[in-house]
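The values are calculated or read from the model by the stated rules, or taken from the named source; none is laboratory data. Remember, predicted model here, so these are calculated numbers, not experimental data. Using ideal geometry, Cβ is built from the backbone for each residue, glycine included, and neighbour counts are taken over all protein chains shown.
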Amino acid sequence: MSKIKAIFIVGPTASGKTALSINLAKKFGGEIICADSMQIYSGIHIASAAPDESEKCGIPHHLFEFLSTDEQFSVAQYVIKARECIKEISQKGKLPIIVGGTGLYISSLLDNTQFEENETDFTLRDELENEFDRLGGEEMLKRLSCFDIETANRLHPNNRRRIIRAFEVYKQTGKTITEHNENSHLLESDFNSLVIGVTYSDREKLYERINKRVDIMLENGLAMEAETTYSKSNNKGAFQAIGHKEFYKYFSGECSLQEATEVLKQQTRRYAKRQLTWFRRDDRINWLYPDCDNNVDLKAENLVLEFLKEEKG
């Protein structure tokens with residue numbers, strides 16, 4: 001049986017993924033699936049830069065803004081839903097186009113990562129959350145290194161969620177995250193995928209786009225949106241989204257709005273750098289550069305045309 005053909009559009013924030021995906025969907029009869037861990041939440045539309053109805057141009061979009069901001073949502077849950085969407089779109093004779101900058105979502109779909117089904121032990125999670133608050137990320141990583149040195153070396157001390165998850169998996173299953181990852185890529189994917197990456201060869205141009213986007217977000221009411229989440233913050237779900245948490249010190253009177261805005265721009269630039277670091281490791285990605293290529297849309301269209309011709313000739 002032939003594999004389902006799917007297009008992936010990846011890259012850092014503010015690189016132009018949304019516009020490119022819309023163009024390809026219109027050109028090739030596609031439907032778009034979100035691969036952004038913040039755009040899946042409703043209530044943070046401005047911060048997540050999720051496309052609005054006018055930007056969607058009538059193209060069906062899936063897995064956008066379907067969760068409330070306080071809901072937890074794992075990569076395993078995402079992969080299940082995204083796979084279902086890809087199959088449903090293909091069955092309708094449409095082209096699935098997966099778009100986003102969350103590297104773990106993308107790689108888990110591309111690599112057909114298999115996740116073990118474990119019930120969440122909320123008592124254990126609360127204990128680990130309290131332990132993290134008490135000890136901090138550096139000490140938690142030291143303790144993690146005692147049984148999973150590879151994961152401890154890979155994680156940043158501020159990556160609270162991943163550190164806690166590493167402890168959870170080990171305490172629940174007796175296996176490390178590293179062992180789970182090694183055993184999770186053994187099944188071949190159901191999809192035949194073309195991966196297109198969008199970024200700027202001149203990093204400063206990307207950073208300029210990020211800074212300008214933040215300014216536009218502020219004009220569109222970002223601070224007010226952040227204040228809404230701040231008023232009911234519980235440090236879960238989307239409450240730690242870039243674009244909201246940077247304003248919390250402003251709301252508590254610890255800094256000015258201008259200072260909070262500069263922190264947001266800095267954090268977003270750092271996030272873009274981390275995204276690029278993740279994606280640069282994947283040699284399946286066909287990179288396009290809006291600041292160098294004369295016509296990114298046309299080059300992307302040609303890549304898709306060649307991809308869709310495969311196995312037909």
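A few notes on this one:
- Each residue in segment 22-44 was checked for being in a loop (DSSP other than H, G, I, E, B) and either outside the structural domain of Arg213 (by TED's automatic domain parsing) or acidic (Asp, Glu) (or both), and 1 of them qualify.
- Of all residues in segment 275-313 being surrounded by 14 or more Cβ atoms within 10 Å (Cβ to Cβ) and under 22 Å from Ile242 (Cα atoms), the one that is nearest to the chain's Cα centre (by Cα): Gln275
- Qualifying residues in segment 250-264 (those that are out of contact with any Asp or Glu (no Cβ under 7 Å at 6 or more places or on another chain) and touching a residue at least 12 places away in the same chain (Cβ under 8 Å)) - the one farthest from Tyr207 (Cα to Cα): Tyr250
- Out of Ala6, Ala19, Ala14, Ala47, sole residue that is under 30 Å from Gln266 (Cβ atoms), of a type in the set (Gly, Ala, Ser) and outside any helix (DSSP H, G or I): Ala14
Each row is one residue, and each column tells you yes or no for (1) over 30 Å from Leu305 (Cβ atoms); (2) touching a Ser or Thr at 6+ places or on another chain (Cβ under 6 Å); (3) of a type in the set (S, T, N, Q).
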position	(1), (2), (3)
Ile97	no, yes, no
Phe115	yes, no, no
Asp148	yes, yes, no
Thr151	yes, yes, yes
Pro157	yes, no, no
Arg162	yes, no, no
Ala166	yes, yes, no
Val169	yes, no, no
Ile177	yes, yes, no
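- Matching residues in segment 1-38 - criterion: being modelled with pLDDT of 95 or more and more than 21 Å from Asp282 (Cβ to Cβ): Ala19, Ile22, Asn23, Ala25, Lys26, Lys27, Phe28, Gly29, Gly30, Glu31
- For segment 175-193, the criterion of a residue being at pLDDT 95 or above and either assigned to a helix (DSSP H, G or I) or not polar (S, T, N, Q) (or both) is satisfied by no position.
- Pairs linking a residue in segment 195-211 that is without any contact (Cβ under 8 Å) to a residue 12 or more places away in the chain and hydrophobic (A, V, I, L, M, F, W, C) to a residue that is surrounded by fewer than 18 Cβ atoms within 10 Å (Cβ to Cβ) and assigned to a helix (DSSP H, G or I), with Cβ atoms under 9 Å and 6 or more positions apart or on different chains, do not occur.
- Within this structure, Gly243 fails the test of being out of contact with any Pro (no Cβ under 6 Å at 6 or more places or on another chain), surrounded by fewer than 16 Cβ atoms within 10 Å (Cβ to Cβ) and either touching a residue at least 24 places away in the same chain (Cβ under 8 Å) or among the polar types (S, T, N, Q) (or both).
- Count of residues meeting criterion [farther than 15 Å from Glu168 by Cβ and exposed (fewer than 15 other Cβ atoms within 10 Å of the Cβ)] in segment 130-144: 7
- Residue in segment 25-32 that is in contact with a Lys or Arg (Cβ under 9 Å, 6 or more places away or on another chain) and closer than 30 Å to Arg165 by Cα present: yes
- Residues in segment 24-47 that are surrounded by 18 or more Cβ atoms within 10 Å (Cβ to Cβ), among the polar types (S, T, N, Q) and more than 19 Å from Lys273 (Cβ to Cβ): Gln39 alone.
- Test result for Glu71, of a type outside the set (Phe, Trp, Tyr) and either over 29 Å from Ile216 (Cα atoms) or modelled with pLDDT of 95 or more (or both): no
Here is a yes/no grid of residues against (1) part of a helix (DSSP H, G or I); (2) loosely packed, with under 15 Cβ neighbours inside 10 Å; (3) in contact (Cβ under 8 Å) with a residue 12 or more places away in the chain:
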| residue | (1), (2), (3) |
| --- | --- |
| Ser90 | yes, no, yes |
| Gly93 | no, yes, yes |
| Leu104 | yes, no, yes |
| Thr123 | yes, yes, no |
| Leu128 | yes, no, yes |
| Cys146 | no, yes, no |
| Phe167 | yes, no, yes |
| Lys171 | yes, yes, yes |
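- Subset of segment 108-161 that is among the β-branched types (Val, Ile, Thr) and closer than 30 Å to Ser193 by Cβ - its residue that is nearest to the chain's Cα centre (by Cα): Thr113
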